[in-house]
Amino acid sequence: MDDLIIEFLTETNESLMELDTDLIRLEQNPNDKDLISKIFRLMHTIKGTCGFLGLPRLETVAHRAENVMGRFRDGDLEVTAAYVSLILESLDRVRFLLGHIEANGTEPEGNDTDLTTRLDAVYEGRDEFQTSGQPASQPTPAPGPTEEVDLEALFEPVKAKPAEPEIMSESEPGSTEPNPEEEEISSPPPKQQAQQKETSESSIANQSLRVNMDVLENLMTMVSELVLTRNQLLQISRGDKENSFVTPLQRLNHVVSELQEGVMKTRMQPIGNAWAKLPRIIRDLSIELGKKIDLIMTGQDTELDRQVLDMIKDPLTHMVRNSGDHGVETPAERIKAGKPETGKIHLRAYHEGGHIIIEISDDGKGLPTEKIRQKLISKGLVTEEDAEKLSHQQIHQYIFHAGFSTADKVTSVSGRGVGMDVVRTNIEKIGGSIEMKSTEGKGSTFFIKIPLTLAIVSSLIVESGGERFAIPQLAVRELVLVSQKSENRIEMIKNTPVFRLREKLLPLVSLESLLKLGSNEDQKLEDRFEHKYIIVTQVGNYSFGLIVDQVFDTEEIVVKPVAKILKDLELFSGNTILGDGSVIMILDPGGIAKVTGESNLTDAERDAVDESKKLVSDKKTSLLLFTAGAGSPKAVPLSLISRLENIDMSKVEETDGQMLVQYRGSLMPIIPFSADMSLAKDEMKPLLVFADRGKSVGLIADEIIDIREEAIEIQLEGKRKGVFGSAIVSGKATEIVDVMHFLNSVHGDWFKDHGDESFLTHDKMKQNGISRTKRILLVDDSPFFRNMLCPLLTAAGYEVIAVDGPSKALELTERDENFDIIISDIEMPDMNGYDFATKVRATQKWQNTPMVALTSHATPEDIDHGYKSGFDEYIAKFDRDTLLSTISKTLSRGVEI
Amino acid sequence: MSEHTQNQDQTKPHQPLSEAKTKDFLTVLIEGQMFGIPILQVQDVLGELKVTRIPLAPPQVSGSLNLRGRIVTAIDVRKCLGLPPMDVSDNEKRMSVVVNHDDELYSLIIDNVGDVLPLQNKDFEPNPATLDIIWKSISLGVYRLDGKILVVLDVPKLLLSLQHPN
């Protein structure tokens, strides 16, 4: 059944039940104004809702009854015993209809003319009491009979009926309505209803219970306190493992966690509740603006905390309006742009980690970059010169600035320039973030990321200047320990500390100086930043590092607002009591970002560029850097190493000129990386273990330096064996090790099992002067498979670009990407591999690119289908040897052609 | 936790029946000067508790503390009154009076707590015109006692003065 109907039934049943108790009073005091108004209101509500839900029969009854009740309420008509019966009968009819809807989902057959004519008669003053000239104020009939009739009406409405037709026939002898046949049709229902009432006293109403929000809020507060107390107890018991409290405490821990979850659940509401108004808004908007807009909503069931829901309701409405007003074009414009006449606004909600992501995308005109640029200049927000330097993404970010609107006209809907900045502020207030992507002419997408709940937050506890603070974990990306003596050190630009994080400068904020906790500014740089932690924090697109002295545990904390006199402090979002009973301030990453200079435009841009790079290429490889012998550091792809060990050189044995070491119960050959290494017996040396199919080889190194993610680009050919060449890794010339050389020197047959010598092919290619690595486009929806294949192919010397679907792959054509070979899965959700191949063959750029199909089941028909669609080769998944050989064969064929 | 007394409950029975003739005040001492806090505003009297510093807060706010699961903001009344910090050689522990303001708890750190006194309305006088301007802004008036003058602290005003510095 429709959620709306269920809700309606629950609500109405509740109101009816409430009325039941009051109805007894109605007998004694028929002119109880409060009660009459109550019934009136109920009928009114039912009438209104029914019209909306499409329940005409119920609507009619409620409507007519409402008319009559209206007269009673206004004191227009005195309520007599007969009228009381009529009221009760109407209520019973409503109840019967509701019962039927609840049981069958539809209204019962038949109609209610028997009742409605009488109701109409009363409303229009045509019934006996009013027409017979008797004053309306005439005292009600003797209590005895009244009670009888009414009680009957209450409990067995069928019996009450016979009394009614009399009244009616007297008042309207010539009336056409209540002919006997109709009586026949409509009289059975009350019987059914009476039965139903006895058997199932509205099952839906009993399944849910309305609870005042305050009760839940209170409950939540109590649970929060309980969580704190539990944390406190756990902290105490942590030091004392033998304590007899440990076991019961563990149970308490579990129960409290469950209780917390349960109570949180009571506060959860589907996000659809916040969306309910949107279809109407879009409808009105499209009429007002003469546009055709479809609003598609997915993920309405995604639940989130009521408090959060309330906070995002308005921003969401605003954004959807914006999409309709600014985004989607008029039908004429759309046709001109070659798009379907009807624009689409897609609203999507889903869970991701501890967040809810809400996406609002439209296929409209996107953000007009030039227009915004002009506006920025005209508003004096940036100088003309600077504006030229800003990238699209940077310019787009300005829509989140106050006092900015791109709409030419101020409509009733939007364009007043108070919008996106308020939206952003509201979302950031609840610890969320908003990001956007827009392509001019194609539409824009906004991503809103919000926490599931606000009440209990997992936080990292840190120390700075002797004080402890909590940072919501949502904002923490990673932690870095820095030491001024190592490579991981903080550098200064004037007085601004920065840190190189994976070849990017991360702006740093010292919490100590930000909060004015200490006065060690005059200390030497080395001392000031010695042994500090950097908390890499992200707010929206903007990343920065917070320098702190110490990092402790993470803890579930209950956010309590700070005292009113401190509410001007932007850097804190609240405070809380920790497990050990001390009070601690909760840092607000958003506030810190704001206070420390919101230079997030450039950073957002940089990130965006990075992200697009990531989409195009995964060519970065994790490299293990080490030193061995003289010369520059060496690097080897991490994915090739199975283990790192430390060996005692005195344990190394030698047979037949080959160094061996006993390793895990068998002998493992080991090789020093270079001959000039000192291999004194009393040393411990790091050993890089390469293993495959039961065979392993150890490579002795001098020192492991680091693990880096880099794109390997060999710039100088290696002159000696065992080295591919030199590349720049983290700013230093580094030798890229040809692992295969070492492996082959020990196990000559290392590759025989593989059936392919891809590394050697790689070498050969280089010898032939083809220095460009072959690019492979891998299309597979399974991340597992992508992760498995990428390193394999990368290690085999190819550059691999993996995408999760054909649509992404086809997007790449637009980016002028070229590949030497395309490997594609067949079974994929959006578009299968056959269609993909057909599409690829249809493009101009890729029509000659060799394509290899991968599938888990390859029947002859499938293979045939594959070849027809444009695949050149068809191989089974999981057969990596064939895969490698097929790739190299296909490629060499391509070269020949 | 620490010694604390529910003054409110204890003093209510002492309240004379002839209402409105007297008012009950908790007397506190700061730098030798006696102050009175209307007893109905007082929630707790605390000894010295561990206070967490709140960075960037106004200097009068010495921090926050945990009072039976509620977070209380501690206010140094000495600093509010423009008095120098207490002499460290005075080996006495400082005490604080917890007051409720707008459903939030504040702990007013003072030098010492005295008795609860019922004060005669006839002894009340408005602030002397020449009183220090800071004091005047947070005082409701004064009571003439035997050999002493008691200044009535206007707690809401005191807290408000922190919210909007100067």
Fill in the blank from the handout: Calc'd 3J(HN,Hα), region B:111-128, phi into Karplus 6.51 cos²θ - 1.76 cosθ + 1.60 (θ = phi - 60°), Hz, glycine/Pro = x, comes to 6, 7, 10, x, 8, 9, 10, x, 10, 6, 4, 5, 7, 7, 9, x, 4, x
Practice task
Apply the Karplus parameterisation 6.51 cos²θ - 1.76 cosθ + 1.60, with θ equal to phi minus 60°, to every residue of region A:824-838 and state each ³J(HN,Hα) to the nearest whole Hz, in sequence, with x for glycine and proline.
Solution key: 9, 6, 9, 8, 9, x, 6, 9, 7, x, 5, 4, 4, 4, 4
Handout entry: Total formal charge among the other residues, if their Cβ is under 13 angstrom from that of A:Arg283, Lys/Arg +1 and Asp/Glu -1
Key = +2
Problem - Interchain or long-range residues, amide H under 5 Å from A:Asp294's placed H - result: A:Gly343, A:Lys344, A:Ile345
Completion exercise
Reduced to Cα centres, the span from region A:628-654 to region A:212-278 in Å works out to 50
Exercise for the section: Counting other beta carbons within 10 Å of each Cβ, put A:Phe499, A:Phe742, B:Phe124 in order, fewest first. Expected result: B:Phe124, A:Phe499, A:Phe742
Completion exercise
Taking every other residue with Cβ under 11 Å from the Cβ of A:Gly299 and scoring Lys and Arg +1, Asp and Glu -1, one gets -2
Exercise for the section: Could you run the Karplus curve 6.51 cos²θ - 1.76 cosθ + 1.60 with θ = phi - 60° over region A:427-438 and give me ³J(HN,Hα) per residue in whole Hz, x for Gly and Pro? Expected result: 6, 6, 4, 9, x, x, 9, 10, 10, 9, 10, 8
Completion exercise
Taking alpha-carbon centroids only, region A:820-850 lies from region B:31-96 a number of Å equal to 74
Problem - Links that overshoot a 25 Å alpha carbon limit, given the list B:Lys79/B:Lys122; A:Lys504/A:Lys732; A:Lys292/A:Lys375; A:Lys449/A:Lys808; A:Lys277/A:Lys339; A:Lys375/A:Lys449 - result: B:Lys79/B:Lys122; A:Lys292/A:Lys375; A:Lys277/A:Lys339; A:Lys375/A:Lys449
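Assign one of three labels to region B:23-163, namely rounded, prolate or oblate, based on the Cα gyration tensor with a ≥ b ≥ c the square roots of its eigenvalues; rounded applies when a/c is under 1.5, prolate when it is not and a/b is larger than b/c, and oblate otherwise.
Details: a/c = 1.55, a/b = 1.50, b/c = 1.04.
Prolate.
What share of the DSSP beta bridges in region A:248-407 is antiparallel, in percent to the nearest 5? Display every interim value, and only then the final one.
Numbers: 11 of 17 bridges.
Antiparallel: roughly 65 percent of the beta bridges in region A:248-407.
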Practice task
State, as an integer percentage, the relative contact order of region A:270-451 based on alpha-carbon contacts under 8 Å between residues 6 or more apart.
Solution key: 23
Completion exercise
Residues meeting the amide H criterion for A:Lys634 (H placed from the backbone, H to H distance under 5 Å, 5 or more places apart or on another chain) are A:Phe626, A:Thr627, A:Ala628, A:Glu735
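Quick note: the coordinates plus some simple rules give every number you see, no bench work behind them. Quantities reported herein were computed from a predicted structural model and do not represent experimental measurements. Reconstructed Cβ throughout: ideal geometry from the backbone, glycine too, with neighbour counts over all protein chains shown.
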